[in-house]
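Here's the structure we're looking at; comments come further down.
The values are calculated or read from the model by the stated rules, or taken from the named source; none is laboratory data. As the structure is a computational prediction, the values presented were derived from the model and not from experiment. Note: areas computed on protein heavy atoms with side chains; ligands, DNA, RNA excluded. Shrake-Rupley method; radii C 1.70, N 1.55, O 1.52, S 1.80 Å.
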Amino acid sequence: MVVIFFLLAIPLLILVQSFWFARKRKGMPEDSGNGVRSSAVANGGGTTVWRPSASAAPDHLVVMVNGILGSVTDWKFGAEQFARMLPDKVVVHCSERNVSTLTLDGIDVMGERLAEEVEEVITQMPGVRKISFVAHSLGGLVARYAIGRLYRPPSSEKGSHEGTICGLEAMNFITVATPHLGSRGYKQVPFLFGVAVFERAACQMSHWIFGRTGRHLFLTDCEGEPPLLQRMVADCGDLHFMSALRAFRRRVAYANVNYDHIVGWRTASIRCNHELPKEHWEDSLNEKYPHIVHEEVVGGCTERYEPSSCINDEFDMLEDRLAYGLLRVPWERVDVSFHTSKWRFVAHSLIQVKIPSVHSEGVDCIMHIIDNFIC
């Protein structure tokens, strides 16, 4: 058990280290030196980033969400690039409602906090008409919960077929290295090396380290009802998880093909085990994006779920159901590989450019997000 605890603690230490470096940056500066400015949002917390322009104010709110043990500075680089490249179109809000150890409170609690924060931010921006989310790691699950709370059904008066997110037109829902299928399955946490005894121990011990969030990620929160992640692939009472996802014009899942020791390729790219390619892609698709190795559009299936013939395990069937549920709406999969990077072993942070001075090789991933962003 001591060995297993040590194995679980090391990924935690990696995350704590990233959090410590982020805190060393002392929050976002008011002026980053390239014309991009930021300000703290009253009541809602977080930081709103924009680039002053002579044209009309942007009408598109982009909400950026950090991962486990993260901080508002995790998306500092990405937020500044959005503001620099789309100054007349977007205003970026980096959430601060779920930071540090608050990320251990559970996906549902964090989702409620994020929903409240977004509502407060919107009330302070009456000119905003559109909304998008860009979330890293656990933040993608928190964002999925939050939009389920913020979803508003379509108005018959407007003749719209899709609902809105807090009254705003839903544009892009983008996740980066997010464990959509949880962390319990085979190699879903690559640092455990796919060793069955390690993975079983991690499942039993996750709540000791990651609190309620650990139970949600490892699908051990069954208390008289299905695990939260299973409930989040359907509309559940007044939480319209799938209707909210369907309302977005785009849903995109960026996933590390390899060297991400926190979130496995399969869970981040919403693939069932039997769908995972046998070989990793290594050649980039475009010189501009040297680490983007594969792109495809999948999903939109309306057929009734039928378990795959190659599934023998009850949990594998649950994971299969999670993937099938999410793929009832179309997703863009973007697979990323840092196999040539000297920092490839921290791919989980590289893909976000959490610390620009260290993770600069992931800049092309941020550029790919922005270049394909629908405004």
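Order the following by accessible area, largest value first: Arg266, Arg152. Probe radius 1.4 Å; ligands, DNA and RNA are ignored.
Largest accessible area first, the list is Arg152, Arg266.
Within the accessible surface of the stretch 58-169, defined with a 1.4 Å probe on protein heavy atoms only, the carbon and sulfur portion equals 50 percent.
Counting only protein heavy atoms and using a 1.4 Å probe, the accessible area of Lys288 comes to about 120 Å².
Residue order by solvent-accessible surface for His274, His240 is His274, His240, largest first, with ligands and nucleic acids left out and a 1.4 Å probe.
Computed over the stretch 91-141, the percent of Cα pairs more than 18 Å apart is 30.
Pairs spanning more than 28 Å between alpha-carbon atoms, out of Lys130/Lys278; Lys76/Lys278; Lys89/Lys342; Lys76/Lys342: Lys130/Lys278; Lys76/Lys278; Lys89/Lys342.
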